[in-house]
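The values are calculated or read from the model by the stated rules, or taken from the named source; none is laboratory data. This is a predicted model, so every value here is computed, not measured. We place every Cβ from the backbone using ideal geometry, glycine too, and count neighbours over all the protein chains shown. Note: areas computed on protein heavy atoms with side chains; ligands, DNA, RNA excluded. Shrake-Rupley method; radii C 1.70, N 1.55, O 1.52, S 1.80 Å.
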Amino acid sequence: MIETKLDKIAEIWNDFILNEKFFQRKINFDSEVETNYFGDILHYFYDSLILIKENIPEDDKDNFSASVFYAIGLLQIIFIQHDLMREFFYIFNIDKAEKKEFEKEIKRIRDLRNELIGHPINRNSKTGELRSTVFWGNRMSKNQIHYLKYTRKDNFKRGIQKEFSITHLIGNQEVVFKKYLNLILLDLKEDLREYLDNISQIEVSLNKGHDFFYLIDNIENNCSLLWNKHIIFDKDILLECYTKESEHPRYENTLEIFRNKLNYNIVNLRNRVYEKLDEENKTTSYQNKNRETFKYSEELTHFLVRLFEKRQVKERITSLRDTFSDFPCIIEELENMESNTENNTEYYSSYFYLTGVLLKKAVSHVKF
(Lines give C-alpha, C1' and ligand atoms only; values in the text may rest on other atoms or scores of the structure.)
Protein backbone atom coordinates (compact mmCIF):
# COMPACT_ATOMS: atom_id res chain seq x y z
CA MET A 1 0.00 0.00 0.00
CA ILE A 2 2.83 2.43 0.84
CA GLU A 3 4.59 1.63 -2.44
CA THR A 4 1.35 2.27 -4.33
CA LYS A 5 0.97 5.68 -2.74
CA LEU A 6 4.61 6.53 -3.44
CA ASP A 7 4.08 5.47 -7.06
CA LYS A 8 1.08 7.80 -7.33
CA ILE A 9 2.99 10.74 -5.88
CA ALA A 10 5.91 10.01 -8.21
CA GLU A 11 3.60 9.95 -11.25
CA ILE A 12 2.10 13.33 -10.37
CA TRP A 13 5.60 14.69 -9.75
CA ASN A 14 7.00 13.47 -13.07
CA ASP A 15 3.95 14.26 -15.19
CA PHE A 16 3.01 17.64 -13.74
CA ILE A 17 5.12 19.16 -10.98
CA LEU A 18 8.52 18.97 -12.69
CA ASN A 19 7.38 20.91 -15.76
CA GLU A 20 4.50 23.11 -14.64
CA LYS A 21 4.86 26.43 -12.80
CA PHE A 22 1.33 26.19 -11.43
CA PHE A 23 2.23 23.14 -9.32
CA GLN A 24 5.68 24.43 -8.44
CA ARG A 25 4.09 27.49 -6.85
CA LYS A 26 2.05 25.21 -4.60
CA ILE A 27 5.09 23.56 -3.02
CA ASN A 28 8.59 24.52 -1.88
CA PHE A 29 10.08 24.23 -5.35
CA ASP A 30 13.30 26.03 -4.44
CA SER A 31 16.74 25.68 -6.01
CA GLU A 32 17.38 22.47 -4.05
CA VAL A 33 14.11 20.84 -5.02
CA GLU A 34 14.66 21.97 -8.60
CA THR A 35 17.65 19.60 -8.76
CA ASN A 36 15.02 16.83 -8.39
CA TYR A 37 16.58 15.40 -5.24
CA PHE A 38 12.99 14.28 -4.68
CA GLY A 39 13.96 11.37 -6.93
CA ASP A 40 16.77 10.44 -4.56
CA ILE A 41 14.39 10.49 -1.60
CA LEU A 42 11.92 8.34 -3.50
CA HIS A 43 14.50 5.70 -4.42
CA TYR A 44 15.78 5.65 -0.84
CA PHE A 45 12.21 5.14 0.33
CA TYR A 46 11.65 2.21 -2.02
CA ASP A 47 14.93 0.60 -0.95
CA SER A 48 14.04 0.97 2.73
CA LEU A 49 10.67 -0.73 2.17
CA ILE A 50 12.40 -3.69 0.54
CA LEU A 51 14.81 -3.99 3.46
CA ILE A 52 11.97 -3.96 5.99
CA LYS A 53 10.29 -6.80 4.11
CA GLU A 54 13.41 -8.90 4.47
CA ASN A 55 13.49 -11.05 7.57
CA ILE A 56 15.79 -13.35 9.47
CA PRO A 57 16.22 -16.70 7.67
CA GLU A 58 14.13 -19.46 9.27
CA ASP A 59 17.28 -21.31 10.37
CA ASP A 60 18.36 -18.30 12.44
CA LYS A 61 15.01 -17.34 13.93
CA ASP A 62 16.19 -18.16 17.47
CA ASN A 63 19.74 -16.98 16.91
CA PHE A 64 20.48 -14.24 19.44
CA SER A 65 23.12 -12.48 17.31
CA ALA A 66 20.98 -12.57 14.17
CA SER A 67 18.02 -11.22 16.12
CA VAL A 68 20.07 -8.32 17.50
CA PHE A 69 21.42 -7.43 14.08
CA TYR A 70 17.93 -7.59 12.58
CA ALA A 71 16.48 -5.37 15.32
CA ILE A 72 19.26 -2.80 14.91
CA GLY A 73 18.80 -2.76 11.14
CA LEU A 74 15.01 -2.52 11.39
CA LEU A 75 15.02 0.34 13.90
CA GLN A 76 17.63 2.26 11.94
CA ILE A 77 15.72 1.88 8.67
CA ILE A 78 12.53 3.08 10.35
CA PHE A 79 14.49 6.00 11.77
CA ILE A 80 15.71 6.87 8.26
CA GLN A 81 12.18 6.66 6.88
CA HIS A 82 11.07 9.28 9.39
CA ASP A 83 13.72 11.64 8.05
CA LEU A 84 12.63 10.91 4.49
CA MET A 85 9.04 11.72 5.42
CA ARG A 86 10.20 15.02 6.91
CA GLU A 87 11.78 15.84 3.54
CA PHE A 88 8.40 15.12 1.92
CA PHE A 89 6.79 17.49 4.39
CA TYR A 90 9.25 20.20 3.42
CA ILE A 91 8.86 19.70 -0.32
CA PHE A 92 5.07 19.50 -0.28
CA ASN A 93 4.69 22.33 2.22
CA ILE A 94 2.74 20.34 4.81
CA ASP A 95 1.02 22.33 7.54
CA LYS A 96 2.93 22.80 10.82
CA ALA A 97 0.12 21.24 12.85
CA GLU A 98 0.30 18.07 10.77
CA LYS A 99 4.07 17.91 11.14
CA LYS A 100 3.72 18.30 14.89
CA GLU A 101 1.18 15.48 14.99
CA PHE A 102 3.53 13.28 12.99
CA GLU A 103 6.31 13.85 15.53
CA LYS A 104 3.98 12.77 18.33
CA GLU A 105 2.98 9.60 16.51
CA ILE A 106 6.56 8.48 15.83
CA LYS A 107 8.01 9.52 19.21
CA ARG A 108 7.67 6.11 20.84
CA ILE A 109 9.56 4.22 18.17
CA ARG A 110 12.21 6.93 17.85
CA ASP A 111 12.73 6.84 21.62
CA LEU A 112 13.12 3.08 21.37
CA ARG A 113 15.69 3.44 18.60
CA ASN A 114 17.61 6.15 20.48
CA GLU A 115 17.58 4.12 23.68
CA LEU A 116 18.89 0.93 22.09
CA ILE A 117 21.15 2.26 19.33
CA GLY A 118 21.70 5.97 19.68
CA HIS A 119 22.53 6.25 23.40
CA PRO A 120 22.56 2.88 25.19
CA ILE A 121 24.74 4.58 27.82
CA ASN A 122 22.80 7.77 28.42
CA ARG A 123 24.31 10.76 30.21
CA ASN A 124 23.04 14.25 30.96
CA SER A 125 24.46 16.42 28.19
CA LYS A 126 25.11 19.31 30.59
CA THR A 127 26.36 17.65 33.77
CA GLY A 128 27.71 14.40 32.37
CA GLU A 129 25.75 12.49 35.00
CA LEU A 130 24.80 8.91 34.11
CA ARG A 131 21.07 8.58 33.47
CA SER A 132 20.50 5.04 32.25
CA THR A 133 22.01 1.97 30.63
CA VAL A 134 20.43 -0.77 28.51
CA PHE A 135 21.32 -4.37 27.66
CA TRP A 136 19.90 -6.69 25.03
CA GLY A 137 17.63 -9.29 26.64
CA ASN A 138 17.81 -13.06 26.25
CA ARG A 139 14.35 -13.23 24.70
CA MET A 140 15.42 -11.46 21.51
CA SER A 141 13.98 -13.13 18.38
CA LYS A 142 12.85 -12.38 14.86
CA ASN A 143 9.44 -11.53 16.31
CA GLN A 144 10.30 -9.30 19.24
CA ILE A 145 12.80 -6.87 20.70
CA HIS A 146 13.70 -7.55 24.33
CA TYR A 147 16.03 -5.53 26.54
CA LEU A 148 16.64 -4.43 30.12
CA LYS A 149 16.94 -0.81 31.19
CA TYR A 150 18.71 0.35 34.36
CA THR A 151 18.05 3.89 35.57
CA ARG A 152 19.39 6.31 38.18
CA LYS A 153 15.91 6.39 39.70
CA ASP A 154 16.41 2.79 40.89
CA ASN A 155 20.09 3.38 41.63
CA PHE A 156 20.85 1.03 38.67
CA LYS A 157 19.98 -2.02 40.80
CA ARG A 158 16.80 -3.34 39.18
CA GLY A 159 16.55 -3.76 35.43
CA ILE A 160 13.22 -2.90 33.84
CA GLN A 161 12.18 -5.56 31.31
CA LYS A 162 11.01 -4.10 28.00
CA GLU A 163 9.50 -6.04 25.09
CA PHE A 164 8.24 -4.82 21.73
CA SER A 165 6.51 -6.84 19.04
CA ILE A 166 8.32 -6.36 15.72
CA THR A 167 5.08 -7.02 13.83
CA HIS A 168 3.44 -4.27 15.86
CA LEU A 169 6.31 -1.83 15.23
CA ILE A 170 6.19 -2.40 11.47
CA GLY A 171 2.39 -2.25 11.44
CA ASN A 172 2.37 1.02 13.35
CA GLN A 173 4.92 2.46 10.92
CA GLU A 174 2.67 1.48 8.01
CA VAL A 175 -0.39 3.09 9.59
CA VAL A 176 1.46 6.36 10.24
CA PHE A 177 3.00 6.49 6.77
CA LYS A 178 -0.25 5.69 5.00
CA LYS A 179 -1.90 8.53 6.89
CA TYR A 180 0.64 11.17 5.88
CA LEU A 181 1.17 9.92 2.34
CA ASN A 182 -2.61 10.12 1.97
CA LEU A 183 -2.43 13.68 3.25
CA ILE A 184 0.13 14.57 0.59
CA LEU A 185 -1.95 12.87 -2.10
CA LEU A 186 -5.10 14.71 -1.01
CA ASP A 187 -3.26 18.03 -1.32
CA LEU A 188 -1.90 17.08 -4.74
CA LYS A 189 -5.32 16.00 -5.95
CA GLU A 190 -6.77 19.29 -4.78
CA ASP A 191 -4.10 21.03 -6.86
CA LEU A 192 -5.01 18.83 -9.84
CA ARG A 193 -8.67 19.83 -9.56
CA GLU A 194 -7.68 23.48 -9.48
CA TYR A 195 -5.52 22.78 -12.51
CA LEU A 196 -8.58 21.37 -14.28
CA ASP A 197 -10.32 24.68 -13.62
CA ASN A 198 -7.39 26.48 -15.27
CA ILE A 199 -7.68 24.22 -18.30
CA SER A 200 -11.41 24.97 -18.55
CA GLN A 201 -10.78 28.71 -18.31
CA ILE A 202 -8.25 28.48 -21.13
CA GLU A 203 -10.70 26.44 -23.21
CA VAL A 204 -13.40 29.08 -22.75
CA SER A 205 -10.96 31.90 -23.60
CA LEU A 206 -9.82 30.03 -26.69
CA ASN A 207 -13.20 29.13 -28.12
CA LYS A 208 -15.07 32.32 -27.22
CA GLY A 209 -12.43 34.62 -28.63
CA HIS A 210 -11.37 36.29 -25.40
CA ASP A 211 -8.24 38.46 -25.21
CA PHE A 212 -5.53 36.56 -27.10
CA PHE A 213 -2.62 38.06 -25.16
CA TYR A 214 -4.27 37.02 -21.90
CA LEU A 215 -4.80 33.52 -23.31
CA ILE A 216 -1.14 33.08 -24.19
CA ASP A 217 0.00 34.49 -20.85
CA ASN A 218 -2.41 32.22 -18.95
CA ILE A 219 -1.15 29.15 -20.77
CA GLU A 220 2.49 30.07 -20.23
CA ASN A 221 2.07 30.65 -16.48
CA ASN A 222 -0.58 28.11 -15.52
CA CYS A 223 -0.87 25.38 -18.17
CA SER A 224 2.39 25.28 -20.08
CA LEU A 225 1.91 21.53 -20.62
CA LEU A 226 -0.57 22.52 -23.31
CA TRP A 227 2.41 23.60 -25.42
CA ASN A 228 4.58 21.23 -27.35
CA LYS A 229 7.65 21.60 -29.52
CA HIS A 230 5.76 22.12 -32.78
CA ILE A 231 6.50 25.47 -34.41
CA ILE A 232 2.80 26.33 -34.32
CA PHE A 233 3.17 26.89 -30.56
CA ASP A 234 5.93 29.44 -30.93
CA LYS A 235 4.77 32.37 -28.80
CA ASP A 236 6.40 35.05 -30.98
CA ILE A 237 4.84 33.66 -34.15
CA LEU A 238 1.40 33.49 -32.57
CA LEU A 239 1.45 37.03 -31.21
CA GLU A 240 2.72 38.48 -34.47
CA CYS A 241 0.11 36.59 -36.48
CA TYR A 242 -2.54 37.90 -34.11
CA THR A 243 -1.49 41.50 -34.70
CA LYS A 244 -1.50 40.89 -38.49
CA GLU A 245 -4.63 38.74 -38.59
CA SER A 246 -6.59 41.20 -40.75
CA GLU A 247 -3.74 41.80 -43.21
CA HIS A 248 -3.74 38.44 -44.97
CA PRO A 249 -5.56 35.08 -44.67
CA ARG A 250 -2.25 33.32 -43.98
CA TYR A 251 -2.12 34.78 -40.47
CA GLU A 252 -5.70 33.89 -39.66
CA ASN A 253 -5.05 30.40 -40.99
CA THR A 254 -2.01 29.97 -38.71
CA LEU A 255 -4.07 31.00 -35.70
CA GLU A 256 -6.83 28.58 -36.69
CA ILE A 257 -4.34 25.71 -36.88
CA PHE A 258 -3.05 26.74 -33.45
CA ARG A 259 -6.56 26.78 -31.99
CA ASN A 260 -7.34 23.32 -33.36
CA LYS A 261 -4.10 21.84 -32.04
CA LEU A 262 -4.58 23.57 -28.69
CA ASN A 263 -8.12 22.18 -28.40
CA TYR A 264 -6.68 18.74 -29.09
CA ASN A 265 -4.03 19.23 -26.41
CA ILE A 266 -6.63 20.47 -23.93
CA VAL A 267 -8.60 17.24 -24.26
CA ASN A 268 -5.46 15.12 -23.83
CA LEU A 269 -4.17 17.10 -20.85
CA ARG A 270 -7.56 17.02 -19.15
CA ASN A 271 -7.70 13.25 -19.58
CA ARG A 272 -4.20 12.94 -18.08
CA VAL A 273 -5.40 14.86 -15.03
CA TYR A 274 -8.51 12.66 -14.69
CA GLU A 275 -6.25 9.62 -14.81
CA LYS A 276 -4.20 10.91 -11.87
CA LEU A 277 -7.43 11.65 -9.99
CA ASP A 278 -8.62 8.08 -10.67
CA GLU A 279 -11.73 9.52 -12.24
CA GLU A 280 -13.45 8.53 -15.46
CA ASN A 281 -12.46 10.69 -18.42
CA LYS A 282 -15.20 13.11 -19.38
CA THR A 283 -13.87 13.37 -22.95
CA THR A 284 -11.80 10.95 -24.96
CA SER A 285 -10.85 12.80 -28.12
CA TYR A 286 -11.12 16.12 -29.91
CA GLN A 287 -12.96 16.23 -33.19
CA ASN A 288 -12.25 19.17 -35.45
CA LYS A 289 -15.53 19.55 -37.31
CA ASN A 290 -14.11 22.18 -39.67
CA ARG A 291 -11.16 20.13 -40.77
CA GLU A 292 -10.99 19.08 -44.40
CA THR A 293 -8.96 15.96 -45.02
CA PHE A 294 -6.92 15.26 -48.12
CA LYS A 295 -3.68 13.54 -49.01
CA TYR A 296 -0.63 14.78 -50.86
CA SER A 297 1.23 12.65 -53.33
CA GLU A 298 4.26 10.92 -51.88
CA GLU A 299 6.59 13.18 -53.86
CA LEU A 300 4.85 16.35 -52.76
CA THR A 301 4.83 15.18 -49.16
CA HIS A 302 8.59 14.72 -49.35
CA PHE A 303 8.99 18.25 -50.68
CA LEU A 304 6.78 19.75 -47.98
CA VAL A 305 8.61 18.01 -45.18
CA ARG A 306 11.93 19.34 -46.45
CA LEU A 307 10.46 22.81 -46.78
CA PHE A 308 9.25 22.65 -43.20
CA GLU A 309 12.76 21.73 -42.10
CA LYS A 310 14.17 24.57 -44.25
CA ARG A 311 16.36 22.22 -46.21
CA GLN A 312 17.35 23.27 -49.75
CA VAL A 313 14.65 25.93 -49.61
CA LYS A 314 15.64 27.77 -52.80
CA GLU A 315 15.77 24.65 -54.98
CA ARG A 316 12.50 23.22 -53.65
CA ILE A 317 10.60 26.48 -53.95
CA THR A 318 11.83 26.82 -57.53
CA SER A 319 10.54 23.32 -58.28
CA LEU A 320 7.14 24.04 -56.68
CA ARG A 321 6.91 27.37 -58.48
CA ASP A 322 7.38 25.62 -61.82
CA THR A 323 4.80 22.98 -60.95
CA PHE A 324 2.15 25.42 -59.72
CA SER A 325 2.81 28.31 -62.09
CA ASP A 326 -0.91 28.53 -62.91
CA PHE A 327 -1.84 29.30 -59.32
CA PRO A 328 -1.02 32.92 -58.39
CA CYS A 329 -2.04 32.48 -54.77
CA ILE A 330 0.42 29.59 -54.40
CA ILE A 331 3.18 31.55 -56.10
CA GLU A 332 2.56 34.43 -53.69
CA GLU A 333 3.14 32.17 -50.67
CA LEU A 334 6.22 30.56 -52.21
CA GLU A 335 7.73 33.97 -52.86
CA ASN A 336 6.93 35.10 -49.32
CA MET A 337 8.67 32.03 -47.96
CA GLU A 338 11.68 32.51 -50.22
CA SER A 339 12.20 36.12 -49.16
CA ASN A 340 11.62 35.40 -45.45
CA THR A 341 13.58 32.25 -44.67
CA GLU A 342 14.94 33.92 -41.50
CA ASN A 343 11.57 35.26 -40.43
CA ASN A 344 9.69 32.35 -38.86
CA THR A 345 6.38 34.18 -38.67
CA GLU A 346 6.27 34.92 -42.40
CA TYR A 347 7.89 31.69 -43.49
CA TYR A 348 5.68 29.31 -41.52
CA SER A 349 2.43 31.25 -41.87
CA SER A 350 2.92 31.01 -45.64
CA TYR A 351 3.94 27.37 -45.32
CA PHE A 352 0.77 26.48 -43.37
CA TYR A 353 -1.41 28.46 -45.73
CA LEU A 354 0.23 26.82 -48.71
CA THR A 355 -0.11 23.25 -47.43
CA GLY A 356 -3.41 23.49 -45.60
CA VAL A 357 -5.53 25.62 -47.89
CA LEU A 358 -4.14 26.01 -51.40
CA LEU A 359 -2.18 22.94 -52.44
CA LYS A 360 -5.21 20.66 -52.15
CA LYS A 361 -6.57 22.29 -55.30
CA ALA A 362 -3.76 20.86 -57.38
CA VAL A 363 -2.59 17.72 -55.64
CA SER A 364 -4.21 15.36 -58.12
CA HIS A 365 -2.00 16.42 -61.04
CA VAL A 366 1.34 16.96 -59.26
CA LYS A 367 4.25 15.46 -61.19
CA PHE A 368 7.91 16.09 -60.43
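S165 passes every criterion in (1) open to solvent by 80 Å² or more (accessible area, probe 1.4 Å); (2) free of Cβ contacts under 8 Å to residues at least 24 places away in the same chain; (3) under 27 Å from I109 (Cβ atoms) apart from (1).
Exactly one residue out of I257, I170, I199 is part of a helix (DSSP H, G or I), in contact with a Leu (Cβ under 9 Å, 6 or more places away or on another chain) and open to solvent by 30 Å² or more (accessible area, probe 1.4 Å): that is I170.
Given (1) more than 30 Å from L269 (Cα to Cα); (2) modelled with pLDDT of 95 or more, where does D111 come up short, assuming only one miss? D111 satisfies every listed condition except (2).
Is there a residue in the stretch 103-122 that is among the polar types (S, T, N, Q) and more than 40 Å from the chain's Cα centre (by Cα)? Within the stretch 103-122, one or more residues are among the polar types (S, T, N, Q) and more than 40 Å from the chain's Cα centre (by Cα).
Residue count for the stretch 145-165, restricted to those that are modelled with pLDDT under 90 and either closer than 19 Å to S65 by Cα or hydrophobic (A, V, I, L, M, F, W, C) (or both): 2. The residue pairs whose first member lies in the stretch 323-340 and is open to solvent by less than 90 Å² (accessible area, probe 1.4 Å), whose second member is assigned to a helix (DSSP H, G or I) and small (G, A, S), and whose beta carbons are closer than 7 Å, counting only pairs six or more residues apart or on different chains, are E333/S350; N336/S350; M337/S350. Screening the candidates K153, K189, K157 for the property of being free of Cβ contacts under 8 Å to residues at least 24 places away in the same chain, assigned to a helix (DSSP H, G or I) and farther than 22 Å from G73 by Cα yields one hit, K153.
Working carefully through the options R108, R131, find the one that is in a helix (DSSP H, G or I) and either of a type outside the set (V, I, T) or in contact with a Phe, Trp or Tyr (Cβ under 8 Å, 6 or more places away or on another chain) (or both). None of the others qualify; the one that does is R108. Looking only at the stretch 333-347, decide whether some residue is modelled with pLDDT under 90, in contact with a Leu (Cβ under 7 Å, 6 or more places away or on another chain) and either assigned to a helix (DSSP H, G or I) or under 23 Å from D234 (Cβ atoms) (or both). Checking the stretch 333-347: not a single residue is modelled with pLDDT under 90, in contact with a Leu (Cβ under 7 Å, 6 or more places away or on another chain) and either assigned to a helix (DSSP H, G or I) or under 23 Å from D234 (Cβ atoms) (or both). Applying the condition of being without any contact (Cβ under 8 Å) to a residue 24 or more places away in the chain and charged (D, E, K, R) to the stretch 109-147 and asking which residue is surrounded by the most Cβ atoms within 10 Å (Cβ to Cβ) yields R131.
Residue selection: L239 satisfies the criterion of being open to solvent by 30 Å² or more (accessible area, probe 1.4 Å), farther than 17 Å from N19 by Cβ and aliphatic (A, V, I, L, M). I219 falls short of the stated requirement of being under 31 Å from the mean Cα position of the chain (by Cα), in contact (Cβ under 8 Å) with a residue 12 or more places away in the chain and either under 22 Å from V305 (Cα atoms) or assigned to a loop (DSSP other than H, G, I, E, B) (or both).
The residues listed here are Y150, Y251; of these, the one that is open to solvent by 40 Å² or more (accessible area, probe 1.4 Å) and more than 27 Å from I12 (Cβ to Cβ) is Y150. The residue that is farthest from N36 (Cα to Cα), counting only those in the stretch 78-91 that are under 27 Å from the mean Cα position of the chain (by Cα) and open to solvent by 10 Å² or more (accessible area, probe 1.4 Å), is I80. Per the listing T133, T127, the residue uniquely modelled with pLDDT of 90 or more and either over 46 Å from the mean Cα position of the chain (by Cα) or under 25 Å from D83 (Cβ atoms) (or both) is T133. Hydrophobic (A, V, I, L, M, F, W, C), without any contact (Cβ under 8 Å) to a residue 40 or more places away in the chain and in a helix (DSSP H, G or I), is that true of F88? So F88 fails the test. Just give me the residues in the stretch 261-312 being at pLDDT 55 or above and either of a type in the set (S, T, N, Q) or in contact with a strand residue (DSSP E or B) (Cβ under 6 Å, 6 or more places away or on another chain) (or both), in sequence order. Those that are at pLDDT 55 or above and either of a type in the set (S, T, N, Q) or in contact with a strand residue (DSSP E or B) (Cβ under 6 Å, 6 or more places away or on another chain) (or both): N263, N265, N268, N271, N281, T283, S285, Q287, N288, S297, T301, Q312. Looking only at the stretch 213-234, residues that are more than 25 Å from E342 (Cα to Cα) and open to solvent by 70 Å² or more (accessible area, probe 1.4 Å) come to 2 in all.
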